[in-house]
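Working notes, beginning with the structure itself.
The values are calculated or read from the model by the stated rules, or taken from the named source; none is laboratory data. Just so we're clear, the structure is a prediction, and the values are computed from it rather than from any experiment. Here the Cβ positions follow ideal geometry from the backbone for every residue, glycine too, while neighbour counts run over all protein chains shown.
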Amino acid sequence: MPHQDFVSPQGRRLAYRYAAPRTDLTYVWLSGFKSDMTGTKVTVLEVWAKQQGHGVLAFDYSGHGASEGAFADGTVSAWREDALAAIEGMTSGNLVLVGSSMGGWMALLSALALKPRIAGMVLIAPAPDFTQKLMWPEFSPHQQAEIMQQGMTLRPSDYGDPYPITRDLIEDGKQWSLLDEAIDLTCPIRILQGQQDPDVPWAHAFRLLDALASEDVVFSLIKDGDHRLSRDQDIARLVATCAELADTCRLAGKG
């Protein structure tokens with residue numbers, strides 16, 4: 001499905017794909033850090049959601065994918081604004097937020113802002129607070145000094161050229177920290193986490209489990225799973241989880 005563009009209230013041109021629901025449930029895909037809406041997981045989710053009559057929205061944050069802007073200018077605040085602009089501008093009714101890695105953080109922040117509309121959440125290797133709790137401690141003293149004194153450092157990538165991590169990104173992320181206190185979300189939440197994940201350790205996702213106020217949280221630890229969870233069996237598990245959550249929402253009168 002080809003993407004379209006819209007201009008957010010902050011003046012950023014963002015790319016998105018959207019199919020309207022025939023049910024009262026829309027699935028929203030929130031991508032990870034330096035990821036976009038062309039991945040296998042979101043593509044399969046879109047096909048499944050449309051087959052079931054559910055709405056589906058995917059979009060690219062500013063500085064990602066087909067959206068405008070430079071990645072180096074991005075912050076957690078800006079990407080949260082992008083997520084809320086896409087969700088509020090394109091959808092209506094009940095929502096299931098599906099967030100991968102950083103998208104899990106964006107899903108949690110979006111859910112806190114849109115509580116009455118959130119019917120459920122599916123979080124894949126969720127990485128709330130990653131700038132401060134995962135990324136910063138991994139940097140060498142030299143890299144930390146570069147960030148603080150020069151404003152950025154280049155981080156090596158397994159998938160291409162090194163990319164910038166800025167002081168603005170690290171410092172802005174602090175104000176959106178979630179894991180140090182209870183997270184006031186009571187909707188059904190499903191977490192899929194690989195035990196072999198080198199980027200988001202399973203203990204980090206388990207910490208999220210403890211922080212969530214919801215009593216209806218299922219944490220699935222995939223012993224041989226990596227960070228991306230993009231194998232055929234992983235994607236089948238994601239679809240099955242989304243289907244189970246649709247049934248849960250329907251029974252609650254939200255689907």
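Among the residues making up the stretch 197-208, a single one is farther than 11 Å from Ala125 by Cβ, exposed (fewer than 15 other Cβ atoms within 10 Å of the Cβ) and either among the small types (Gly, Ala, Ser) or touching a residue at least 24 places away in the same chain (Cβ under 8 Å) (or both): Ala203.
Surrounded by 19 or more Cβ atoms within 10 Å (Cβ to Cβ) and either hydroxyl-bearing (Ser, Thr, Tyr) or within 12 Å of Pro126 (Cα to Cα) (or both) - does that describe any residue in the stretch 209-224? The answer is no; no qualifying residue exists. The set of residues from the stretch 140-174 being part of a strand (DSSP E or B) and over 19 Å from Trp105 (Cβ atoms) comprises Met152, Thr153, Leu154, Pro156, Ser157, Gly160, Asp161, Pro162, Pro164. Against the list (1) surrounded by fewer than 17 Cβ atoms within 10 Å (Cβ to Cβ); (2) under 21 Å from Val76 (Cα atoms); (3) at pLDDT below 95, the condition Asp158 fails is (2). In this structure, is Ala49 touching a residue at least 24 places away in the same chain (Cβ under 8 Å) and in contact with a His (Cβ under 8 Å, 6 or more places away or on another chain)? No. So is Ser177 farther than 24 Å from Leu229 by Cα, surrounded by fewer than 19 Cβ atoms within 10 Å (Cβ to Cβ) and under 16 Å from the mean Cα position of the chain (by Cα) or not? For Ser177, the condition - farther than 24 Å from Leu229 by Cα, surrounded by fewer than 19 Cβ atoms within 10 Å (Cβ to Cβ) and under 16 Å from the mean Cα position of the chain (by Cα) - is met. Looking only at residues of the stretch 71-124 that are of a type in the set (A, V, I, L, M) and within 9 Å of the chain's Cα centre (by Cα), we find that the one that is surrounded by the fewest Cβ atoms within 10 Å (Cβ to Cβ) is Met102. Assessment of the stretch 130-145 against the conditions (loosely packed, with under 15 Cβ neighbours inside 10 Å, under 18 Å from the mean Cα position of the chain (by Cα) and in contact (Cβ under 8 Å) with a residue 60 or more places away in the chain) yields no matching residue. Identification of helices (runs of 4 or more DSSP H) wholly contained in the stretch 1-114 with 1 or more residues that are farther than 30 Å from Asp184 by Cβ and out of contact with any strand residue (DSSP E or B) (no Cβ under 6 Å at 6 or more places or on another chain) yields 40-52.
Taking each residue of the stretch 236-249 that is surrounded by fewer than 21 Cβ atoms within 10 Å (Cβ to Cβ) and in a helix (DSSP H, G or I) and looking for partners that are modelled with pLDDT under 95 and of a type outside the set (A, V, I, L, M) with beta-carbon atoms closer than 9 Å, six or more apart or interchain, yields Asp247/Gly255; Thr248/Lys254; Thr248/Gly255.
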